[in-house]
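Participant: One structure follows; several queries about it will come next.
Quick note: the coordinates plus some simple rules give every number you see, no bench work behind them. Predicted model, so just to flag it, every value in this text is computed and none were measured. For neighbour counting, all protein chains shown are included, and Cβ atoms are generated from backbone atoms with ideal geometry for every residue, glycine included.
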Amino acid sequence: MAQDKNPPTLPIPEDKKERFEKIKAKFIEIYGEEPKFFSRAPGRVNLIGEHIDYCGYSVLPMAVELDIVMAVSPDTQGQISLVNTDPQYQSYNVDANQIVITKDVPHWYKYVLCGIQGIKEHFQSDTLRGFKAVVDGTVPRSAGLSSSSALVCCSALSMLKANEWTMSKEQLAEVCAKCERFIGTEGGGMDQAISLTAVAGKAKLIEFNPLRTQDVLLPPNAAFVVGNSLAEMNKAATPQFNTRVVECRLAAQVLATSQEGVKWREIRRLGELQEKLGYTLDEMLNLVTSKLHPEPYIKQEVCEILEVTPEELVETSLSANTTHVDSFSLYNRATHVYSEAKRVVQFKAICDQQPGNALEQLGELMNQSHASCRDMYDCSHPDLDTLVEVSKANGAVGSRMTGAGWGGCTVSIVNAEKVSSLLAGVKAGYYQPNPDKFSKVDEALFATTPGGGAAFYIAQ
Ligand code: ADP
Ligand code: NG1
Ligand code: MG
């Protein structure tokens, strides 16, 4: 894996020229000069491996065509000036040396600042350039296609190039995964890794600690359809996401107390516990069944098992926006994580072996993944469940929520020959009955193939 080269600088593709020209025109209108370059980072759809990246387990996403693009010009005075083509996002200016990212309200520009701050901290330079930018995004926000990470990665790319620094895609992905935590989301790095390392035509198996990626060749008859349920959920503004992260940590720590020779304070992820014990995923699932109880644990019980005070628990296991949570569903969350990690391994093996019924086998794993997200991880939404069922009733071989959930998108696997009938069936069955949803169906429902990863484009 090349560790020394920046993401590529590419010519603007024919089908993107009109949009890039518009962004450039806006840049000239605002700043009275031409941009020097464009940065682009795509969103992603996760095919399988939900809510397990932050537990240390591999995931299997692909990039989508939807993206964040920035027209950029370096600023030698160190100023950051941000204008968004969408008028709902207010312009923002700050000195790159004076960035403070608070975790209260996740304003859009804070995601941009996350990317800048991450790069800044990595290079620790005394002479810092800022940049002027016009930001344009097509990834639906808070819909599980990772608009936030596309924005963070695009910003990190802009800061990198504005300062003429060099970093490989993989290094950048590691930095960007950490810097989204400035705004409070404790994700595991899947979104940033796929946005930065994607290769057109291929899904990727992404492994963590250290970050590694492998191309995954999907069966030739497989097509994917994304449907936005149009229920929105911002991960940084609500505690649900971090609560799941904390429940997984507590599950690992409580399980660790049942194992001789394992110090629970040294364990923060379910994956670390497996590694320490040297067990298979099936053995971990048995451990969960034998050592945890299915009913939620109240905080006091957790404190008693770990022999800590509630104040100490905040230090050892909780995060800023989960200190108020007093009930933790450890059995269900750990069961989801270990079973989902197994499904990712199975999905990859099917793609490698390409048996005659690969499509059906992959579809079945996606169905199981959705059921586990819905029933064990409690991160679905009634609209997502309906969309999954409507998709399956209209020819999808498998269908599941994708991304963090609690709203957002589904991804369905379908025989390539049946894409049109699936799209028509879902349009009629899910969107048409609801006039508000139906008015958005053209953006909300689409077939997608694996898109290319982040890149720079020459502005001329
Ligand atoms: P997602 O699943 O899309 O990553 P998040 O809740 O993590 O959802 O992040 C969504 C937030 O990202 C939005 O509320 C907004 O602040 C920011 N965002 C996404 N797209 C854009 C955009 N085009 N311009 C400005 N901010 C954006
Ligand atoms: P989305 O839905 O894109 O915000 C989040 C996390 C991922 C992963 C998924 C669930 C961030 C930036 N992203 O994605 O790391 O945990 O949820 O699989 O926190
Ligand atoms: Mg996000």
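Participant: Taking neighbour Cβ counts within 10 Å as the exposure measure, how do R141, R44, R269 sort from fewest upward? Mind showing how you got there, number by number?
Facilitator: Details: R141 17, R44 32, R269 23.
Going from least to most buried by this count: R141, R269, R44.
Participant: Hey, another quick one. Taking N as the number of residues in the chain, what is its alpha-carbon radius of gyration divided by 2.2 N^0.38 Å?
Facilitator: The chain yields a ratio of 0.97.
Participant: Also, I was wondering about something else. How much net charge surrounds I52 when only other residues with a Cβ under 11 Å from its Cβ are counted (Lys, Arg +1; Asp, Glu -1)?
Facilitator: It works out to a net charge of +2.
Participant: Continuing with the same structure: Below 8 Å, C-alpha to C-alpha, sequence gap of six or more: please give me the relative contact order for the chain in percent.
Facilitator: Relative contact order for the chain comes out at 24 percent.
Participant: Let me ask you something else. Positive end of the charge dipole of the chain (Lys, Arg +1 and Asp, Glu -1 on Cβ, about the Cα centre): tell me which of T243, Q79, L113 has its Cα farthest that way.
Facilitator: Checking the options against the dipole of the chain, the answer is Q79.
Participant: Another question about this same structure. Loop only per DSSP, at most 15 neighbouring Cβ atoms within 10 Å: give me the GluC sites (Glu not before Pro) in the range 77-185, ordered by residue number.
Facilitator: Values: sites: E121, E164, E170, E174, E180; in loops: E164.
Those satisfying the criteria are E164.
Participant: While we're looking at this one, here's another question. Can you compute the helix-only [θ] at 222 nm over the chain? Use -39500 (n - 2.57) per DSSP H run of at least 4 residues, normalise by all residues, nearest 500 deg cm²/dmol.
Facilitator: -12500 deg cm²/dmol
Participant: In terms of the Cα gyration tensor, with a ≥ b ≥ c the square roots of its eigenvalues, is the range 324-390 rounded because a/c is under 1.5, prolate because a/b exceeds b/c, or oblate?
Facilitator: Values: a/c = 4.33, a/b = 1.63, b/c = 2.65.
Oblate, because a/c is 1.5 or more while a/b does not exceed b/c.
Participant: How large is the translational diffusion coefficient of the range 89-218 in µm² per second when you combine the Kirkwood radius over alpha carbon pairs with Stokes-Einstein at 37 °C and 0.692 mPa s?
Facilitator: Details: Rh = 15.2 Å.
Translational diffusion coefficient: 215 µm²/s.
Participant: How far is it, in nm, from the label point at E121 to the one at E266 when both lie 7 Å from their Cα along the line to the Cβ?
Facilitator: 2.6
Participant: Please give every one of the aspartates and glutamates within straight-line cross-link reach of K103, meaning a C-alpha to C-alpha distance under 14 Å, and leave out same-chain neighbours fewer than 8 residues apart.
Facilitator: E180, E186
Participant: In nm, give the distance between the simple-model label positions of E283 and E14, each being 7 Å from the Cα along the Cα-to-Cβ direction.
Facilitator: The two pseudo-label positions are separated by 5.7 nm.
Participant: Using a Förster distance of 35 Å, how high is the FRET efficiency between K5 and H293, based on the Cβ-Cβ distance and rounded to 0.05?
Facilitator: Given R0 = 35 Å and the Cβ-Cβ separation, E is 0.10.
Participant: Okay, next question. Between T102 and E312, what is the spin-label point distance in nm, taking each point 7 Å from the Cα along the Cα→C-beta axis?
Facilitator: 3.3
Participant: With +1 on the Cβ of every Lys and Arg and -1 on the Cβ of every Asp and Glu, and nothing else charged, how large is the dipole of the chain about its Cα centre, in debye rounded to the nearest 20?
Facilitator: The calculated dipole for the chain is roughly 760 debye.
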